[in-house]
Amino acid sequence: MFTRDLGDGVALALRDLSTVERMHDLTVKNLDRLRRWEPWAQAEPDVDGLREFTRARMTAWVEGRSIPCIILVDGVMVGSVGATINHYSQTVELGYWIDADHEGRGAVSRAVAALLDEVFEDRAVRRAEIRTGAENTRSRALAERLGFVHEGTLRAAMPVGEVRQDVAVYGLLADSWPVA
Ligand SMILES: CC(C)(COP(=O)(O)OP(=O)(O)OC[C@H]1O[C@@H](n2cnc3c(N)ncnc32)[C@H](O)[C@@H]1OP(=O)(O)O)[C@@H](O)C(=O)NCCC(=O)NCCS
């Protein structure tokens with residue numbers, strides 16, 4: 001329903017129902033590395049469950065509570081990025097992951113920056129958050145690169161498999177975006 005060109009072959013598109021099979025295959029390919037950080041990646045994904053998840057996110061999108069997107073590089077789906085909006089607190093929480101073969105090239109940073117442009121300019125959102133495993137150095141680096149401030153660490157806040165991980169909370173205020 002929309003595609004936004006972010007330059008250098010990177011684009012953002014709506015994560016609608018047409019993405020389900022491709023997202024399933026990409027998730028299976030990356031499951032071993034996702035399992036370390038993502039609670040939802042512990043079990044083998046099934047297409048029907050993914051379709052229901054995607055449908056729920058699309059409903060939230062229609063209601064203005066979510067912006068679920070895929071990341072494309074040269075027209076091929078390589079990852080996922082999403083914004084979950086809380087209108088009561090005027091906040092947004094961001095989540096993301098990318099295929100191992102496309103990691104380390106700035107594609108996720110571009111995609112998250114585009115979502116921040118959208119929520120801060122067009123919607124009544126005043127604060128963005130990224131919550132990430134405290135030991136997830138790549139995810140923390142992404143947050144810091146975009147100007148998020150580490151505001152604290154929640155102890156044993158997220159169950160990932162057998163372990164409860166500490167969670168680093170990063171915040172960015174609309175007034176400080178875009179970062180100079
Ligand atoms: C976390 C994750 C999404 C980060 O992806 P990433 O590709 O490292 O993130 P970015 O898009 O910011 O790319 C950063 C790298 O691209 C480089 N880069 C190149 N061009 C860039 C640009 N225009 N803008 C920003 N960075 C750029 C940076 O220097 C950096 O390189 P480095 O890794 O050598 O330091 C990825 O590691 C991942 O999918 N991990 C598994 C799942 C996960 O942890 N998800 C997050 C849960 S909270």
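The values are calculated or read from the model by the stated rules, or taken from the named source; none is laboratory data. Just so it is clear, the model here is predicted, and its values are computed rather than measured. No Cβ is skipped: glycine too gets one built from the backbone with ideal geometry, and neighbour counts run over all protein chains shown.
To keep it simple, each residue is scored yes or no on (1) surrounded by fewer than 17 Cβ atoms within 10 Å (Cβ to Cβ); (2) in contact with a His (Cβ under 6 Å, 6 or more places away or on another chain); (3) within 24 Å of I130 (Cα to Cα).
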position	(1), (2), (3)
A11	no, no, yes
L14	no, no, yes
L26	no, no, yes
R36	yes, no, yes
V47	yes, yes, no
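Go over the candidates T91, T3, T19, T27 one by one and state the one that is polar (S, T, N, Q) and in contact (Cβ under 8 Å) with a residue 60 or more places away in the chain.
T3
Quick check on my filter: what residues within the stretch 67-120 are surrounded by fewer than 19 Cβ atoms within 10 Å (Cβ to Cβ) and acidic (D, E)?
Answer for the stretch 67-120, where residues must be surrounded by fewer than 19 Cβ atoms within 10 Å (Cβ to Cβ) and acidic (D, E): D74, E93, D101, E103, D117, E118.
Give me a count of the residues in the stretch 44-86 that are assigned to a loop (DSSP other than H, G, I, E, B), under 29 Å from R105 (Cβ atoms) and free of Cβ contacts under 8 Å to residues at least 40 places away in the same chain.
2
Looking only at the stretch 37-91, which residues are in contact with an Asp or Glu (Cβ under 6 Å, 6 or more places away or on another chain) and modelled with pLDDT under 95?
Within the stretch 37-91, no residue meets the criteria.
Hey, could you check the stretch 1-51 for residues that are out of contact with any Lys or Arg (no Cβ under 9 Å at 6 or more places or on another chain) and β-branched (V, I, T) and say which is nearest to D166 (Cα to Cα)?
Among residues in the stretch 1-51 that are out of contact with any Lys or Arg (no Cβ under 9 Å at 6 or more places or on another chain) and β-branched (V, I, T), the one nearest to D166 (Cα to Cα) is T27.
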